[in-house]
1. Below 15 angstrom from the Cβ of Thr54, what's the summed charge of the other residues (Lys, Arg +1; Asp, Glu -1)?
2. Net charge near Arg108: determine it from the other residues with C-beta under 10 Å of the C-beta of Arg108, scoring Lys and Arg +1 and Asp and Glu -1.
3. Between Ala36, Pro122, Gly97, whose Cα lies farthest towards the positive end of the dipole of region 34-134 when Lys and Arg beta carbons carry +1 and Asp and Glu beta carbons carry -1, centred on the Cα centre?
4. Going by average Cβ density within 10 Å per residue, which order do the peptides 69-79, 34-44, 130-140 take, highest to lowest?
5. Under 15 Å from the Cβ of Ala39, count the other residues' Cβ atoms, weight Lys and Arg +1, Asp and Glu -1, and hand me the total.
6. Could you please rank Thr142, Thr110, placing first whichever residue has the fewest other Cβ atoms within 10 Å of its Cβ?
Amino acid sequence: MDDPTPTDHNRLGRDPAHSTALDVTALEVVSAYCDAWLAGDAMAVVALYHDDLTLTWPGRHHLAGVHRGREASIEALLALGALADREPVEIVDLLAGRAGAIAVVRERWTRPTADAEAAGGPASIEITRALDYTVIDGRLATCRVFELDQPAIDDWLGEAVHCHTLSGQ
């Protein structure tokens with residue numbers, strides 16, 4: 001009988017007999033991405049984006065939708081950055097499978113000072129989200145965002161756009 005001691009693969013919920021190189025690569029790439037994000041290393045984060053990156057954001061806010069291509073995805077992230085100073089709080093968990101990996105993360109968004117003064121809502125919000133990635137050629141090829149509290153994100157971003165407009169930015 002085989003030794004029942006768990007391996008790295010089956011601790012992650014995968015059958016080692018059906019494991020592929022993509023499993024390890026996806027976990028390694030998403031782990032590297034999370035490490036760079038926590039460290040605030042924007043260059044390392046962007047270096048992990050595939051040229052054909054597709055970013056999919058849910059919701060009813062103005063950034064919701066599908067952003068195809070590395071440049072379009074970066075533009076959407078920069079648009080969010082204009083509305084909120086994003087601070088990583090923690091990586092709650094990483095889950096890996098044959099098709100990619102999921103990072104469950106918490107982050108804090110804070111409105112820029114001028115926007116916060118114009119807002120009637122909270123100046124900051126702490127969110128939990130799941131980021132579902134696929135990896136191709138060692139880079140992030142897709143990212144589908146799943147918000148734990150989508151209505152709160154929609155409301156906060158709606159207020160942020162309104163306040164950003166009122167503050168003249």
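1. Taking every Cβ under 15 Å from that of Thr54, the sum is -2.
2. After counting each charged neighbour, the total is -2.
3. Gly97
4. 130-140, 69-79, 34-44
5. Net of charged neighbours comes to -4.
6. So the residues, fewest neighbours to most, are Thr110, Thr142.
Every number in this text was worked out from the coordinates using simple rules, so none of it is lab data. Keep in mind that this is a model prediction, so the values were computed, not measured. Ideal geometry is used to build each Cβ from the backbone, glycine not excepted, and the neighbour counts take in all protein chains shown.
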